[in-house]
Amino acid sequence: MLNIILLGPPGEGKGTQAKDLVQRLNFRHLSTGDILREEKEKKTDLGIQIQRYMNQGLLVPNEVVLELLRKKLESLRTDCEGFIFDGYPRNIQQAENLEALLAEMGMQIDMVIFFDVTEELSVQRLSGRRVCSKCGANFHITNMPPKQEGICDYCGGSLYQRDDDTPEVIKKRWATYMEETLPLLNYYEKKGLLYRVDATKPKEEAFRDLMNLIRNLKK
Ligand code: AMP
């Protein structure tokens, strides 16, 4: 099993890249953002608490995310080649929790890929992002518009704008990233696990770089 972490600031496109990767490779995609949104939609007490953090651009408490991730990981542990972690870990404590969780399951982190992008580009990407309410596919009103406005090209579902893709919350998400997530670069660099992809490149080029890194790891 190979376990790969995709790390980066908000809006660098790792979610889209991860979705494309699992179409090509026999990996499972684990996005804590998606897992939390799923819980939020259930409108349980936990879901309402989660929503509060997300709508302010803050991190949901570590224990909450860890328990949801553990359940998901256990339910997905079939005969895949490995996992792509997208949006987790987001701070040092989560990195340590993930290591311990994987060790319990006889696994480890094999590679961490950092998606580098500027804040300006991130804000532009996020504020125009539209997401399919049915299959989760991402579009962009100018960079990657759907064939028919408001409708998903893949499944016909309706597109919506995430509550946290507003300029105000995007700013806060960046601040949270700088403060809590950025220290992970050093953490993984020291472990010799860190690789970089230039996410300011067009999506297809960044994807090719990503595939090359993973192919080399598999050799
Ligand atoms: P994302 O979809 O990865 O952009 O995440 C959206 C929001 O979900 C973040 O701004 C956080 O509020 C929350 N979130 C996602 N992943 C995590 C995590 N690993 N730890 C804490 N909060 C998270």
- Query: Under a GNM of the chain (C-alpha, springs under 10 Å), which listed residue has the highest mean-square fluctuation: THR176, THR142, THR32?
  - Reply: THR142
- Task: Counting other Cβ atoms within 10 Å, keep those with at most 14, restrict to DSSP loop, and tell me which GluC sites (Glu not before Pro) in segment 78-120 are left.
- Result: GLU81
- With all protein chains present, how much of the accessible area of the chain (probe radius 1.4 Å) comes from carbon and sulfur, to the nearest whole percent? 48
- Net charge, ARG196 excluded, C-beta distance under 13 Å - Lys, Arg +1, Asp, Glu -1: -3
- Note on the structure: Expressed in nanometres to one decimal, the distance between label points 7 Å along Cα→Cβ at ASN143 and GLU96 is 3.5
- Message: Compute the distance from the alpha-carbon center of segment 189-219 to that of segment 44-98, in whole Å.
- Response: 23
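For LEU46 and LYS201, calculate 0.36 nm times their separation in residues minus their Cα-Cα distance, and state this gained length in nm to one decimal.
Contour length minus Cα-Cα distance gives 52.0 nm.
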- Message: What are the ³J(HN,Hα) couplings of segment 31-44, residue after residue, when phi is run through the Karplus curve with 6.51, -1.76, 1.60 and θ = phi - 60°? Round to Hz, x for glycine and proline.
- Response: 9, 5, x, 5, 4, 5, 5, 4, 5, 4, 5, 6, 6, 6
- Query: With the chain treated as a Gaussian network of Cα nodes joined by springs under 10 Å, which of GLN49, GLN93, GLN148 yields the largest mean-square fluctuation?
  - Reply: GLN148
- Query: For the chain, what is the mean residue ellipticity at 222 nm derived from helices alone (per DSSP H run of n ≥ 4: -39500 (n - 2.57); sum divided by total residues; nearest 500 deg cm²/dmol)?
  - Reply: -14500 deg cm²/dmol
- Message: With unit charges on the beta carbons (Lys and Arg positive, Asp and Glu negative) and the dipole taken about the Cα centre of segment 1-79, which residue among ILE50, GLY11, ASN26 sits farthest to the positive side?
- Response: ASN26
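Rounded, prolate or oblate: which fits the chain when a ≥ b ≥ c are the square roots of the eigenvalues of the alpha-carbon gyration tensor, with rounded for a/c under 1.5 and prolate only if a/b beats b/c?
On the way: a/c = 1.34, a/b = 1.18, b/c = 1.14.
Note, shape of the chain comes out rounded.
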- Skip the ligands, DNA and RNA, and give the accessible area per residue of segment 1-148 with a 1.4 Å probe, whole Å². 47
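Can you give the FRET efficiency for GLU119 and MET211, using 1/(1 + (r/R0)^6), R0 = 25 Å, r = Cβ-Cβ distance, to the nearest 0.05?
My answer for the efficiency is 0.40.
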- Item | Prolate/oblate/rounded label for segment 33-110 (Cα gyration tensor, a/c 1.5) | prolate
- Query: Residues of segment 56-85 with amide nitrogen under 13 Å from the 7 Å Cα-to-Cβ point of LYS172?
  - Reply: 56-60
- Message: For ASP110, ASP153, ASP163, give me the order by solvent-accessible area with a 1.4 Å probe, most accessible first, ignoring ligands, DNA and RNA.
- Response: ASP163, ASP153, ASP110
- Task: Give the shape of segment 120-219 as rounded, prolate or oblate, defined through the alpha-carbon gyration tensor: a ≥ b ≥ c are the square roots of its eigenvalues, a/c under 1.5 means rounded, and otherwise the shape is prolate if a/b is larger than b/c and oblate if not.
- Result: oblate
- Query: What FRET efficiency do you get for GLN108 and LYS134 if R0 is 25 Å and r is their Cβ-Cβ distance, rounded to the nearest 0.05?
  - Reply: 0.10
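The values are calculated or read from the model by the stated rules, or taken from the named source; none is laboratory data. On a predicted model such as this, the values are computed, not experimentally measured, just so you know. Don't worry about glycine lacking a Cβ; one is built from the backbone with ideal geometry, like all the others, and counts go over all protein chains shown. In case anyone asks, the SASA skips ligands and DNA or RNA and just uses the protein heavy atoms, side chains included. Shrake-Rupley method; radii C 1.70, N 1.55, O 1.52, S 1.80 Å.
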